[in-house]
Amino acid sequence: MTYDIGLQLAGVPLSTAIPFAVAIGILLSIVGSWLVNSVFTPFELEPNNFIGGAKFGFLGEVYAVTLGLAMIGAFDHFTTAQTNTQREAATLSSLSWAADTYDQPGQEADRAAMRRAVQEYARAVVEKEWRVMSYGLADPDVSNRLADMNDVFMRVEPMTEAQASLQQNTIEWVNQINEYRALRLTTVSRSLIALVWAVLVSGTLMAIVFPWFFGTVNVVSQTVMSALLTSFLMLHLLMVLQLSYPFIGDASISPTAFLNVMR
């Protein structure tokens with residue numbers, strides 16, 4: 001699955017995506033079972049139960065491993081993006097608090113400039129970059145705000161030993177914010193590789209099609225079981241998809257941490 005296709009699918013609201021995934025599962029089961037049973041009688045399909053059941057069991061084990069690895073990879077991708085975002089906002093908060101240390105007479109302008117630089121960076125991230133980074137883009141205004149913030153904290157002259165000691169940390173914190181932002185943008189521009197999606201989707205299709213060729217006199221019960229299985233698999237695919245794109249969709253990471261800094 002290419003990044004653009006996955007991006008479009010992940011952007012579908014869950015209120016639409018979940019019923020649609022379940023409906024697709026039910027429809028595939030009904031249509032598939034009806035087609036196979038219209039060509040073969042249940043007695044002709046019944047011999048498949050023994051050999052096909054063993055093969056289906058093996059397929060299920062392999063598919064479970066594939067799905068599990070995909071879910072772990074997607075969840076790790078999501079939590080990494082979430083952690084980097086929280087660290088970026090937390091470091092930004094530390095810079096805002098550090099401005100309070102510059103409380104000597106004559107430092108009012110520097111203190112206000114530092115707070116303003118931090119708030120403007122957070123505002124640019126929330127109001128500008130958050131909208132475009134879902135498409136793998138960085139906003140140039142955020143880069144400018146980061147440069148301004150670096151200049152402000154580099155330019156201020158410490159007047160006490162505490163300020164001199166803290167200035168070394170603030171410069172390092174600005175560099176860390178730059179690194180966390182780069183990691184955040186890197187996380188946005190990548191997802192699970194196409195090969196993983198190809199194996200996962202093909203395995204899902206095999207797991208959906210296999211039960212069609214089992215024979216039973218009660219075709220209705222077979223169709224219902226197939227529908228439940230297919231819907232279950234489709235929901236898992238949807239969950240992997242949502243986790244693979246952490247900054248888009250209803251389950252996406254929110255900029256709440258940056259909003260707190262803005263205030």
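The values are calculated or read from the model by the stated rules, or taken from the named source; none is laboratory data. This structure is a prediction, so every number in the text was calculated from the model and none was measured. Note: ideal-geometry Cβ built from the backbone for every residue, glycine included; neighbour counts use all protein chains shown.
Below, the figures for the structure above:
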{"quantity": "Evaluation of SER191 against (1) touching a residue at least 12 places away in the same chain (Cβ under 8 Å); (2) in a helix (DSSP H, G or I) (one fails), failing number", "calculated": "(2)"}
{"quantity": "Of all residues making up segment 25-48, the number that are under 24 Å from the mean Cα position of the chain (by Cα) and modelled with pLDDT of 90 or more", "calculated": "0"}
{"quantity": "Pair list, Cβ < 6 Å and 6+ apart or interchain, from segment 223-243 residues that are on the phi > 0 side of the Ramachandran plot to residues that are crowded, with 19+ Cβ neighbours inside 10 Å", "calculated": "none"}
{"quantity": "Residues of segment 206-263 satisfying the condition of being of a type in the set (Phe, Trp, Tyr), under 31 Å from the mean Cα position of the chain (by Cα) and not in a helix (DSSP H, G or I)", "calculated": "TYR245, PHE247"}
{"quantity": "Leading residue by the ranking (surrounded by the fewest Cβ atoms within 10 Å (Cβ to Cβ)) among those in segment 118-144 that are assigned to a helix (DSSP H, G or I), aliphatic (A, V, I, L, M) and in contact (Cβ under 8 Å) with a residue 24 or more places away in the chain", "calculated": "VAL126"}
{"quantity": "Checklist (1) surrounded by fewer than 17 Cβ atoms within 10 Å (Cβ to Cβ); (2) modelled with pLDDT of 90 or more applied to MET149, failing item", "calculated": "(1)"}
{"quantity": "When residues of segment 145-181 are limited to those that are outside any helix (DSSP H, G or I) and of a type in the set (Val, Ile, Thr), the one farthest from LEU92 (Cα to Cα)", "calculated": "THR160"}
{"quantity": "Count of segment 51-82 residues which are under 17 Å from VAL188 (Cβ atoms) and not hydroxyl-bearing (Ser, Thr, Tyr)", "calculated": "8"}
{"quantity": "Residue list for segment 84-117, restricted to those being closer than 23 Å to GLU172 by Cβ, part of a helix (DSSP H, G or I) and among the charged types (D, E, K, R)", "calculated": "ARG87, GLU88, ASP100, ASP110, ARG111, ARG115, ARG116"}
{"quantity": "Residues located in segment 67-117, provided they are among the hydrophobic types (A, V, I, L, M, F, W, C), at pLDDT 90 or above and surrounded by 18 or more Cβ atoms within 10 Å (Cβ to Cβ)", "calculated": "LEU67, ALA70, ALA74, PHE78, ALA81, ALA89, LEU92, LEU95, ALA113, MET114, ALA117"}
{"quantity": "Qualifying residue in segment 56-78 (condition: assigned to a helix (DSSP H, G or I), closer than 30 Å to ASN169 by Cβ and in contact with a Pro (Cβ under 7 Å, 6 or more places away or on another chain))", "calculated": "no"}
{"quantity": "Hey, SER29 touching a Phe, Trp or Tyr at 6+ places or on another chain (Cβ under 7 Å), surrounded by 15 or more Cβ atoms within 10 Å (Cβ to Cβ), in contact (Cβ under 8 Å) with a residue 40 or more places away in the chain and more than 24 Å from LEU137 (Cα to Cα) or not", "calculated": "no"}
{"quantity": "Residue that is surrounded by the fewest Cβ atoms within 10 Å (Cβ to Cβ), among those in segment 162-180 that are among the hydrophobic types (A, V, I, L, M, F, W, C) and closer than 24 Å to PRO255 by Cβ", "calculated": "TRP173"}
{"quantity": "Failed item, numbered, when VAL12 is tested on (1) part of a helix (DSSP H, G or I); (2) within 34 Å of the chain's Cα centre (by Cα); (3) surrounded by 14 or more Cβ atoms within 10 Å (Cβ to Cβ)", "calculated": "(1)"}
{"quantity": "Test for GLY215: is it at positive phi, buried (at least 18 other Cβ atoms within 10 Å of the Cβ) and either touching a Leu at 6+ places or on another chain (Cβ under 9 Å) or of a type in the set (Ser, Thr, Tyr) (or both)", "calculated": "no"}
{"quantity": "Conditions (1) surrounded by 15 or more Cβ atoms within 10 Å (Cβ to Cβ); (2) within 30 Å of PHE56 (Cα to Cα); number of the one not met by MET159", "calculated": "(2)"}
